[in-house]
Amino acid sequence: MTEQDDITDMKKCRTGRRWMAGLLLGLGILLAGCGDRQSTAEDIATPEDTQTDRIVVGFSQVGAESDWRSANTESMKSTFTKEAGYDLIFEDGQQKQANQIRAIRTFIQQEVDYIVLAPVTETGWDTVLREAKDAGIPVVIVDRKVDVEDDSLFTCFVGSDFELEGLKMSEWLNSFSISKGIAPEDIHIVNIQGNIGASAQIGRTRGLEQGAAKYGWDLLDQVSGEFTQAKGKEVMEAFLKKYDNINVVYCENDNEAFGAMEAIRAAGKRVGSNLAAGDIMILSFDGVSTESMDCVLKDEITCIGECNPLHGPRVEALIQILEEGRTPEKFSYVEEGLYAHDDTVTAVTVGDKTYRVRRVDDEIRNENAY
């Protein structure tokens with residue numbers, strides 16, 4: 001059976017579920033008017049009750065660990081509204097895979113039309129995604145990828161290319177250091193990683209490691225900051241006690257960067273891009289809040305790799321393709337660039353493609369406040 005056959009079968013299942021829901025509701029209204037007792041307000045179906053053609057979407061979100069995640073959740077909620085023809089069932093996984101698996105099984109029991117999953121880690125999804133496929137429910141993976149033996153267990157993916165993000169940041173750091181006359185062996189980096197096993201962590205870590213190997217930087221250490229400000233601060237405090245020559249901190253999201261900044265200042269050191277004067281430079285990813293953009297304006301974060309959280313419209317576009325019985329692209333990636341404090345580097349090239357580096361000003365600050 002081809003993937004198109006799978007999609008056709010799933011569409012038939014969804015159509016059947018909606019038809020049955022309408023039939024049962026109609027029978028309930030008919031029976032309510034056939035008894036000896038008088039119908040009450042509870043027996044009268046409202047327009048909302050009788051509208052069975054809305055598309056039901058079950059969304060299992062990782063949690064609410066960062067500004068990026070909050071913006072991502074809001075994008076989904078503002079897209080999949082009743083006014084737009086959807087019923088959204090939202091479940092917060094609270095950073096636990098067991099919670100997300102339980103939510104998916106609940107969605108299956110509720111016979112939703114689509115399941116959207118932002119997975120906390122890449123592995124461990126084969127069984128529950130098989131259950132969704134057997135139930136005829138398409139699964140759209142968003143933001144982070146899943147590593148499954150059979151790719152037909154999910155319908156499609158939309159999100160960022162995290163390894164490419166890391167490679168772009170590595171190219172930026174190399175160009176910046178060359179412009180400032182800093183030798184590769186004088187770049188001493190610590191990496192505050194994200195949740196270990198998450199796609200963003202895996203990709204951004206790989207991008208840095210490849211850059212360090214390619215250019216000969218001193219990659220001192222890598223420890224997870226769990227994508228949170230509190231843990232980022234804790235990890236940076238430990239790094240500062242362990243190493244006395246750190247001059248670059250590679251944070252795998254902005255919230256970790258905020259925590260690292262706190263720790264650096266508490267230790268009596270300066271954040272900034274003037275490495276020759278003893279600054280510690282912070283690099284980060286996301287760029288979704290006025291706070292992070294303000295940090296770039298002030299050179300508290302020198303460069304941010306863009307990671308766009310507004311996936312709601314992108315997921316809806318994929319669902320509409322499926323509603324039409326067509327096959328979407330298996331993997332859809334978001335086009336992203338970088339934001340920097342100054343014009344030292346205006347573009348970076350990875351492979352055969354060049355990406356713009358935008359110097360942050362008030363206009364960019366405001367337009368990127370998701």
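At-a-glance table
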item	result
Rule-of-thumb Rg ratio for region 169-311 [Cα; 2.2 N^0.38 Å; N residues]	0.94
Kirkwood-based Rg to Rh ratio, region 66-140, C-alpha trace	0.96
Heavy-atom accessible area per residue - the chain, 1.4 Å, Å²	44 Å²
Burial order of peptide ranges 249-259, 73-83 (average beta-carbon count within 10 Å, highest first)	249-259, 73-83
Cα Rg, Dmax (largest Cα-Cα span) when computed across region 149-249, Å	15.5, 50
Cα centroid separation - region 86-162 against region 272-290, whole Å	35 Å
Gain upon complete extension [Ala276, Gln110; 0.36 nm per residue less C-alpha separation]	53.7 nm
Region 264-306 - convex hull of alpha carbons, volume per residue in Å³	64 Å³
Burial order of peptide ranges 337-345, 132-140 (average beta-carbon count within 10 Å, highest first)	132-140, 337-345
Assigned charges on the beta-carbon of Lys, Arg, Asp, Glu; region 255-370 dipole about Cα centre (debye)	340 debye
Spacing of the two label points (7 Å from each Cα toward its C-beta) at Ile196 and Ala64, in nm	2.8 nm
Fraction of the pair-distance distribution of region 209-254 above 14 Å, Cα-Cα pairs, percent	53 percent
Scattering profile of region 224-370 at q = 0.10, 0.17 Å⁻¹ [log10 I(q)/I(0), Debye over alpha-carbon scatterers]	-0.42, -0.96
Compactness index (Cα Rg / 2.2 N^0.38 Å), region 63-211	1.27
Distance from region 337-370 to region 205-235 (C-alpha centre basis), Å	21 Å
Rel. contact order, % - alpha carbon contacts under 8 angstrom, at least six apart, the chain	15 percent
Folded to 0 to 90 degrees: helix 162-179 orientation relative to the chain principal axis, Cα	20 degrees
Accessible area of the chain belonging to carbon and sulfur atoms, whole % at 1.4 Å probe	48 percent
Distance (nanometres) between label positions extended 7 Å along Cα→Cβ at Ala98 and Asp294	4.0 nm
Shape parameters for the chain, alpha-carbon atoms, Rg then Dmax in Å	24.1, 91
Projected label distance in nm at Asp361 and Tyr243, using a 7 Å step from Cα toward the beta-carbon	3.6 nm
Solvent-accessible ranking of Phe90, Phe162, largest area first, probe 1.4 Å	Phe90, Phe162
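The values are calculated or read from the model by the stated rules, or taken from the named source; none is laboratory data. Note that the coordinates shown come from a computational prediction; the quantities given were computed from them, not determined experimentally. For neighbour counting, all protein chains shown are included, and Cβ atoms are generated from backbone atoms with ideal geometry for every residue, glycine included. Just the protein is used for accessible areas: all its heavy atoms, side chains included, with ligands, DNA and RNA removed. Shrake-Rupley method; radii C 1.70, N 1.55, O 1.52, S 1.80 Å.
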